[in-house]
Amino acid sequence: MQQRSASAGKNFCRQILNHHNQIQYLKRPSCDVFINHRCIDTKRTISGLLFDHLSRLRLHPFLDSRNMRPGDKLFDSIDRAIRECKVGVAVFSPRYCESYFCLHELALLMETKRRVIPIFCDVKPSQLQVKNDGSCPPRELKRFARALEEAKDWSKFLTTAAEAVVHNLIEVDGEETHKERKYFMKNYF
């Protein structure tokens, strides 16, 4: 009788833990980081490597070629991942702006006010421009152009931030050198 009671207790604990794990899984967003990229340009290089590295850090990145399965609805899966992500990474490549999907993803990242980290792979920000090939409505073209400009502004911010960091490091380094000289002069002369 006691053995059956202990077994029932263990099963009950397993059920509670399993239920708790399912709840935790449901609370967890499908992705922490959405990687926006032109698949044929960067899937096997920077985007794939970034996905692998973020996964090793136990984050949940979303990369269409890795997270989507046959039969998944493209826009539904991607739009849901963007809306659930915390941060976006836009990997810009020379042919990035030729892809409606890339531009749609970027626009949605910007419209949902996600922080977007731009990475420029073999392309300068000034080379990125939305082109009208006649297949996209004017309203969409404006949406895409606005998102692209906003992403380029993030690049300017990051450049300025990097320059500020370097400038401050130089100042701190100079102050430490000055303190060391003062200490040396005081104690040895």
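Any read-out appearing in this document is the output of simple, stated calculations on the displayed coordinates, not a laboratory observation. Treat the numbers as computed from the prediction; the structure is a model and nothing was measured. Backbone-built Cβ (ideal geometry, glycine too); neighbour counts: all protein chains shown.
Computed quantities for the displayed model
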read-out: Relative packing of 139-147, 101-109, 119-127, which averages over residues the other C-beta atoms within 10 Å, highest first; value: 101-109, 139-147, 119-127
read-out: Per-pair calculated FRET efficiency, R0 = 25 Å: residue 153 and residue 132 via Cβ, rounded to 0.05; value: 0.65
read-out: Efficiency of FRET from Cβ geometry, residue 141 and residue 121, R₀ 22 Å, rounded to 0.05; value: 0.40
read-out: The range 46-171, relative contact order in percent, only Cα pairs under 8 angstrom and at least six apart counted; value: 21 percent
